[in-house]
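Okay, so here's the structure we're looking at.
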Amino acid sequence: MSQVLVVTSGKGGVGKTTSTAAIGAALALSGQRVAVVDFDVGLRNLDLVMGAERRVVYDLINVVQGEAKLQQALIRDKRLDTLYVLPASQTRDKDALTEEGVTRVMEELRGHFDWVVCDSPAGIERGAMLAMRHADVAIVVTNPEVSSVRDSDRIIGMLDSKTVKAEKGEYMEKHLLLTRYDAARAERGQMLKVEDVLEILSIPLLGIIPESEAVLNASNVGCPVTLVDTDSAPARAYLDAARRLEGENIPMVVPAERRGFMSKLFGRRAA
Amino acid sequence: MTIFNFFKPSRSSAPVARDRLQILLQHERVSAGASDLIAKLREEILGVIARHVDIPADKVQVKMQRGDAVSTLEVEIELPNPIRQRRKEGAEAAA
């Protein structure tokens, strides 16, 4: 059965696109057919993070407007042949995303894929609303920081009221993905702890992604972190998160970098 | 002070963040629910008045003030002169 997953947050810069790419790739690794869809019209970046930026011909708006077929706009990933990217338009206005058009495209995507992962733009405007509109399940990406937690709370309220599922009176499944987490700083009382954020937002935890150099390295080379640096702490955390999404029961740990003696001795920058 | 800071280098700011968020979100969740309530009240009050008097939709204002013990609901209805009643019976025209 096809599942539509929205990756959302309210606040910008918390890791929605990184998480969409990493979780989309992790789901495709197990052989499932996955489409990652960029809803950030005018500021597309999912294509860049996925390393598909030079292969964009048509985009989501072209398909929504009926100017291109879905198959023409979908870009197959070079590394995994069950993974596809549907880029956003870089030039068009977000008003070109019509509600009816998006509904039609999402229905069509459901017919071709096991997972449709929608990368929401920041904010609570039209693009973000349309990205979450048809979702069956939501990932709320949150940093352990006051403004991000506040915006996540707002987005959770919208997921419970503005989605098709919520309007039908059905329960909207929501998961928290805590990104850029630094366990040592949380332990010293300098950063909100996992338990603090969970207590405030009260939605189930999907994963804890540690702050790591591997994330920037992955976007530098245009490859989801779950494909390029699979043994890194964030990659392992994303892979576990994807398995939890599929219903597996995996114990929650805060993954740490596997570091050698010298880097432990001289701190995290030494390696 | 600086010498004490040397011995206690990391002050805990996270509990402050948690407490501030808990207070703020408690308030924001209530007011998000309330704005729905106010919109509903406004719509229905307007409906009742419009059954009897011609009134532009923007002339009904509903505000809610939240207090600790009680909250007050302020309803301001502006009827344009001359008041044009929709029905002949029911002589008392509100002002």
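No lab work stands behind these numbers, since they all come straight from the coordinates. Nothing here was measured: the structure is a model prediction, and the numbers come from that model. Backbone-built Cβ (ideal geometry, glycine too); neighbour counts: all protein chains shown.
Annotation: amide H-H contacts under 5 Å for A:Ile209 (H modelled 1.01 Å from N, sequence separation of 5 or more, or interchain): A:Leu178, A:Thr179, A:Arg180, A:Tyr181. Here's how it looks for A:Phe39: its modeled amide H is under 5 Å from those of A:Asp119, which are all 5 or more places away or on a different chain. Our estimate of slack between B:Val70 and B:Ala57, defined as 0.36 nm per intervening residue step minus the Cα-Cα distance, is 1.8 nm. Peptide B:13-22 has a mean of 6 when you count, residue by residue, the C-beta atoms of other protein chains within 10 Å of its C-beta. The shape of the stretch A:19-139 comes out rounded: with a ≥ b ≥ c from the C-alpha gyration tensor, a/c is under 1.5.
Taking 0.36 nm per residue of separation and subtracting the Cα-Cα distance, full extension of the segment from A:Asn217 to A:Ala184 would add 9.7 nm.
Both radii were evaluated on the Cα set of chain A; the Rg over Rh quotient, with Rh as the Kirkwood radius, amounts to 0.96.
Using 0.36 nm per residue and subtracting the Cα-Cα separation, the extra length available between B:Arg84 and B:Ile23 on full extension is 17.2 nm. The mean count of C-beta atoms from other chains within 10 Å of the C-beta of residues in A:140-153, rounded to a whole number, is 2. In chain A, the longest principal axis of the Cα atoms and the axis of helix A:146-159 are about 40 degrees apart. For the stretch A:93-138, the alpha-carbon radius of gyration amounts to 1.13 times the rule-of-thumb value 2.2 N^0.38 Å expected for a compact globular protein.
In this label model, A:Arg243 and A:Arg33 are separated by 2.6 nm, measuring between points 7 Å along each Cα→Cβ vector. Going from the residue with the fewest nearby Cβ atoms within 10 Å to the one with the most, A:Thr103, A:Thr91, A:Thr82 rank A:Thr91, A:Thr103, A:Thr82.
Which trypsin sites (Lys or Arg not before Pro) in the stretch B:50-85 sit in a loop by DSSP (not H, G, I, E or B) and have at most 16 other Cβ atoms within 10 Å of their own Cβ? Here the trypsin sites (Lys or Arg not before Pro) that fit, given the DSSP loop and packing criteria, are B:Arg66, B:Arg84. Does a label point 7 Å from the Cα of A:Ser147, set along Cα-to-beta-carbon, have any residues of the stretch B:16-34 with amide nitrogen under 12 Å, and which are they? Hits in the stretch B:16-34 for A:Ser147 at 12 Å: none.
As a calculated quantity, the FRET efficiency between B:Ser12 and A:Ser202 at R0 = 30 Å, using C-beta atoms, amounts to about 0.85.
3J(HN,Hα) couplings calculated from phi for the stretch A:190-196 with the Karplus curve 6.51 cos²θ - 1.76 cosθ + 1.60 (θ = phi - 60°) are, in sequence order, 9, 9, 3, 7, 3, 5, 4 Hz; Gly and Pro show x. Among the listed pairs A:Lys174/B:Lys59; A:Lys11/B:Lys59; A:Lys69/A:Lys165; A:Lys168/B:Lys59; A:Lys16/A:Lys69; A:Lys168/B:Lys40, those with a Cα-Cα distance over 31 Å are A:Lys174/B:Lys59; A:Lys11/B:Lys59; A:Lys168/B:Lys59.
Shown here for the stretch A:157-199: trypsin sites (Lys or Arg not before Pro) in loop regions (DSSP other than H, G, I, E, B) with at most 12 other Cβ atoms within 10 Å, namely A:Lys168. Residues B:Met64, A:Met191, arranged from fewest to most other Cβ atoms within 10 angstrom of their Cβ, appear as B:Met64, A:Met191.
Using θ = phi - 60° in the Karplus curve 6.51 cos²θ - 1.76 cosθ + 1.60, the 3J(HN,Hα) couplings for the stretch A:203-217 round to 10, x, 8, 9, x, 10, 9, x, 4, 7, 5, 4, 5, 5, 4 Hz; x is entered for Gly and Pro. Scaled to the globular estimate 2.2 N^0.38 Å, the Cα spread of the stretch A:74-154, given as radius of gyration, is 1.24. Cα-based values for the stretch A:119-199, radius of gyration first and Dmax second, are 14.0, 45 Å.
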